[in-house]
Amino acid sequence: MTDKQIKDDSYFMRQALKEACKAQEIMEVPVGAVVVRDNRIIAKGFNKCIALSDPTAHAEIVVLRKAAKKLNNYRLNDCLVYVTIEPCSMCAGALVNARIKRIIFGAFDLKAGACKSAFKIANSKKLNHKIEILGGKEKYLSIECAMLIQNFFKTKRQ
Ligand SMILES: [Zn+2]
């Protein structure tokens, strides 16, 4: 990986983090995501389950819907998704259906993550599309992403 690519990954993850902060402002679990194609952001979004009374309104689903509408295509070929937390099984399934090329996640979700942690849906050999997966490292802002969500739950418990 070149220096330029590393800079780009952290840049796009920074944008996903900004989205996560917007979720926090409205007391939603702070997860944010962006969809990138040809090095440009085509959709941004954050978790809105409570605001929309919609259990499927995770950040990834929100951005997939926006990106698909923008491209007028249900297949998001050559698109990358940057998301602050490792996608869950529902989102990993949706990302596979959207034919996303690569997922870059910030922090691991050891309990429910479906890319590397609890399940391996996003690159399962059983499915006919496999997504490249990067994430869980400092260069993908794993610490900032994890801190945001940990602080959210800590404050909520108090
Ligand atoms: Zn999810």
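The values are calculated or read from the model by the stated rules, or taken from the named source; none is laboratory data. Note that the structure is a prediction, hence the values are computed from the model and not measured. Glycine also receives a Cβ, built like all others from the backbone with ideal geometry; neighbour counts cover every protein chain displayed. Just so you know, the surface numbers come from the protein's heavy atoms only, side chains and all, with ligands and any DNA or RNA stripped out. Shrake-Rupley method; radii C 1.70, N 1.55, O 1.52, S 1.80 Å.
Using the crude model of +1 on Lys and Arg Cβ and -1 on Asp and Glu Cβ, and no other charge, please compute the dipole size for the range 42-110 relative to its Cα centre, in debye to 20.
Computed about the Cα centre, the dipole is about 400 debye.
Tell me, what % of the accessible area of the chain is carbon and sulfur with a 1.4 angstrom probe?
On the chain, the fraction of accessible area on carbon and sulfur atoms equals 53 percent.
Before I look further, what does the chain give for accessible area per residue, probe 1.4 Å, in whole square angstrom?
Result: 55 Å² per residue.
If you place +1 on the Cβ of every Lys and Arg, -1 on the Cβ of every Asp and Glu, and leave all else neutral, what size is the dipole of the chain about its Cα centre, to the nearest 20 Debye?
That gives the chain a dipole magnitude of about 340 debye.
What share of the DSSP beta bridges in the chain is antiparallel, in percent to the nearest 5?
Rounded to the nearest five, the antiparallel share is 55 percent.
Tell me what the chain gives for mean residue ellipticity at 222 nm when only DSSP H runs of n ≥ 4 count, each as -39,500 (n - 2.57), the sum divided by the residue total, rounded to 500 deg cm²/dmol.
Values: 5 runs with 65 residues, N = 158.
Taking each H run of at least 4 residues, the total per residue is -13000 deg cm²/dmol.
Taking 0.36 nm per intervening residue step and subtracting the Cα-Cα distance, what contour gain separates Y74 from S89 on full extension? Each step should come with its number before you reach the end.
Values: separation 15, 0.36 × 15 = 5.40 nm, distance 1.94 nm.
That works out to 3.5 nm of additional length.
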